[in-house]
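The values are calculated or read from the model by the stated rules, or taken from the named source; none is laboratory data. Quantities reported herein were computed from a predicted structural model and do not represent experimental measurements. Cβ: placed from backbone, ideal geometry, glycine included. Neighbour counts: every protein chain shown. Surface accessibility is based on the protein's heavy atoms, side chains included, excluding ligands, DNA and RNA. Shrake-Rupley method; radii C 1.70, N 1.55, O 1.52, S 1.80 Å.
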Amino acid sequence: MRTAALEAAEAGVRPRRFVAIASALAAVVGLAAASLAACSGAAETGRVAPPASQTTTTRASCTHRPDACTTRQAADAAGVTLGTAVAASHLDQADYRRTLLETFNSITPENELKWSSIHPTPDTWNFGPADQIVDFAQANDLQVKGHNLIWDQKVIGSTPDWVLRIDDPAELRRVIRDHITTVMHRYRGKVDRWDVVNEPLDTVGSGLYDNHFRHVLGDDYVAEMFRIAHEADPEAHLFLNEAAVEYQPAKAGALIALVKRLVDEGTPIDGVGVQGHLISGSVEPGVLRTLFDELRSLGVAVAITELDIPTSSDARPLDAQATVYGQVLAECLDASCREVTTWGFTDRYTWIDDFLGPGRAPLPFDRSYRPKSALNAIRDELLLHQNGN
Ligand code: 9MR
């Protein structure tokens, strides 16, 4: 399986390592201490509890008895969308369902809404698996993020061949409009936000990815996709989703420039998702915070949309992984980002096994659905932010 991340890895791109390990560790230890303080009482953190009249039962129980909260309740109390990617084929497993429902308040179909899955030939619509996920969400009061409407990465088969064979701009526009409108209308009112364009930038570098849509429609295709999606469902929140900006400063700059252009042109874009596949297991402290602050200043929402953190060869790999989970949550929430979605939740099912080989255990639950330190780190940050700070 080849992906943006794989291409990046092959091209030798690696996250920049901690510049000053000592000061970074000091910052991380500080964060962890603050998180623990939040669990045992708000006083030491200096954060003010909301007035009793404003507290919901969940908020109150999370404030006063954090141990009694599920992670999902902690997310609700913090006003944070805590999501995970799911596969329809696993929903019949009781452990999978139980862990999912106790932990997350939002789900993203990992593959079921992709063009190749849902509309593989001009006249074939394969709605079944996506319907199953959306029905499950409705029955269990979960939000659903739609992933994705447009994504052409040559090596990965994300767009079906029949679409890639259309070279006439008018015909391609007609087909795209039909696809986006059909999918968004089917899930209108049930899928509240969509990745309209996934990975529009070069995997490695700082230009627009030279995909089929750009090739036939020109550079403005990104804005055009957002306009079509907005016409299809004016209520939906529309996101641009991008990979590998966490460790490529030039690409992060290109993302900001692209979003600024879209906003300046009046494109109906609501938010930007930073995927967060932290392939090397870390991200330099401050990078996400700065990126999110810059994007927020353009007037768009920001989210982490595909977080996973493979373990590395540290002496205590699960503790090191948990520290990075906590760091990512803290930087995101401090920058007013209101969604963090992990790309799966159990090490039993993760694309990282195909990509980096088995055993890298990138997710917050182990293969047997036991919570790892990473889950505690996520919970601690949610509890720390439960006053909406
Ligand atoms: O995890 C997904 C994997 O199961 C699919 O085979 C692959 C191709 O559709 O996509 C993976 O998810 C990708 C996501 O859709 C976009 N960002 C990168 C993710 C990991 O490759």
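Only one entry of Ala315, Ala335, Ala320, Ala303 meets the criterion of being touching an Asp or Glu at 6+ places or on another chain (Cβ under 7 Å), of a type in the set (A, V, I, L, M) and more than 28 Å from Asp264 (Cβ to Cβ), and that entry is Ala320. With the structure loaded, tell me whether His147 is modelled with pLDDT of 95 or more and more than 16 Å from the ligand (Cβ to nearest atom) or whether it fails that test. Taking the combined requirement at face value, the residue does not satisfy it. Quick test of your reading of the structure: Glu339 fulfils all but one of (1) acidic (Asp, Glu); (2) away from the ligand (no atom under 16 Å from the Cβ); (3) closer than 20 Å to Ala78 by Cα. Name the failing condition by number. Exception for Glu339: condition (2).
For Asn111, are the conditions met, namely being within 20 Å of Thr342 (Cα to Cα), in a loop (DSSP other than H, G, I, E, B), within 16 Å of the ligand (Cβ to nearest atom) and of a type in the set (S, T, N, Q)? It is true that Asn111 is within 20 Å of Thr342 (Cα to Cα), in a loop (DSSP other than H, G, I, E, B), within 16 Å of the ligand (Cβ to nearest atom) and of a type in the set (S, T, N, Q).
What do you reckon, is Ala320 open to solvent by less than 20 Å² (accessible area, probe 1.4 Å) and either within 16 Å of the ligand (Cβ to nearest atom) or in a helix (DSSP H, G or I) (or both)? The answer is no for Ala320. Beta carbons closer than 6 Å, at least 6 apart along the sequence or on distinct chains, never pair a first residue in region 159-177 that is at positive phi and of a type in the set (S, T, N, Q) with a second that is open to solvent by less than 70 Å² (accessible area, probe 1.4 Å) and modelled with pLDDT of 95 or more. Screening Asn241 with (1) assigned to a helix (DSSP H, G or I); (2) within 18 Å of Leu298 (Cβ to Cβ) gives one miss only, at (1).
Just one of the listed residues (Ser106, Ser117) is within 21 Å of Thr346 (Cβ to Cβ) and out of contact with any Asp or Glu (no Cβ under 6 Å at 6 or more places or on another chain), namely Ser106. Exactly one residue among Val302, Val328, Val340 is under 21 Å from Thr99 (Cα atoms) and of a type in the set (A, V, I, L, M, F, W, C), and that residue is Val340.
Just give me the residues in region 158-189 being within 26 Å of the chain's Cα centre (by Cα), surrounded by 18 or more Cβ atoms within 10 Å (Cβ to Cβ) and away from the ligand (no atom under 16 Å from the Cβ), in sequence order. Ile176, His179, Ile180, Met184, Tyr187, listed by residue number. The set of residues in region 83-99 that are more than 18 Å from His277 (Cβ to Cβ) and either within 16 Å of the ligand (Cβ to nearest atom) or of a type in the set (Phe, Trp, Tyr) (or both) comprises Ala88, Ser89, His90, Leu91, Tyr96.
Among residues belonging to region 67-95 that are of a type outside the set (A, V, I, L, M, F, W, C), part of a helix (DSSP H, G or I) and under 19 Å from Ile378 (Cα atoms), point out the one that is least open to solvent (accessible area, probe 1.4 Å). For region 67-95, the residue satisfying everything is Thr71. Yes or no: region 302-313 includes at least one residue that is over 26 Å from Ala87 (Cβ atoms), assigned to a loop (DSSP other than H, G, I, E, B), at pLDDT below 95 and touching a Cys at 6+ places or on another chain (Cβ under 9 Å). So far as region 302-313 goes, no, none of its residues is over 26 Å from Ala87 (Cβ atoms), assigned to a loop (DSSP other than H, G, I, E, B), at pLDDT below 95 and touching a Cys at 6+ places or on another chain (Cβ under 9 Å). For region 231-257, filtering for residues that are open to solvent by less than 10 Å² (accessible area, probe 1.4 Å) and away from the ligand (no atom under 15 Å from the Cβ) leaves 4. Scanning region 374-389 for residues that are modelled with pLDDT of 95 or more and open to solvent by 10 Å² or more (accessible area, probe 1.4 Å) yields a total of 5. Condition first: open to solvent by less than 10 Å² (accessible area, probe 1.4 Å), hydroxyl-bearing (Ser, Thr, Tyr) and in contact (Cβ under 8 Å) with a residue 12 or more places away in the chain. Can you find one or more residues in region 109-128 that meet it? Checking region 109-128: not a single residue is open to solvent by less than 10 Å² (accessible area, probe 1.4 Å), hydroxyl-bearing (Ser, Thr, Tyr) and in contact (Cβ under 8 Å) with a residue 12 or more places away in the chain. Step by step: first the residues of region 263-280, then only those that are touching a residue at least 40 places away in the same chain (Cβ under 8 Å) and open to solvent by 10 Å² or more (accessible area, probe 1.4 Å), then the one that is nearest to the chain's Cα centre (by Cα). Which residue is that? Selected residue: His277.
Of all the residues in region 342-377, those that are more than 16 Å from the ligand (Cβ to nearest atom) and in contact with a Gly (Cβ under 7 Å, 6 or more places away or on another chain) number 1. Looking at region 285-301, which of its residues are part of a helix (DSSP H, G or I) and open to solvent by less than 70 Å² (accessible area, probe 1.4 Å)? Val287, Leu288, Leu291, Phe292, Asp293, Leu295, listed by residue number. For Leu149, state whether it is in a loop (DSSP other than H, G, I, E, B), touching a strand residue (DSSP E or B) at 6+ places or on another chain (Cβ under 7 Å) and either closer than 20 Å to Phe213 by Cβ or open to solvent by less than 30 Å² (accessible area, probe 1.4 Å) (or both). Answer is no for this residue.
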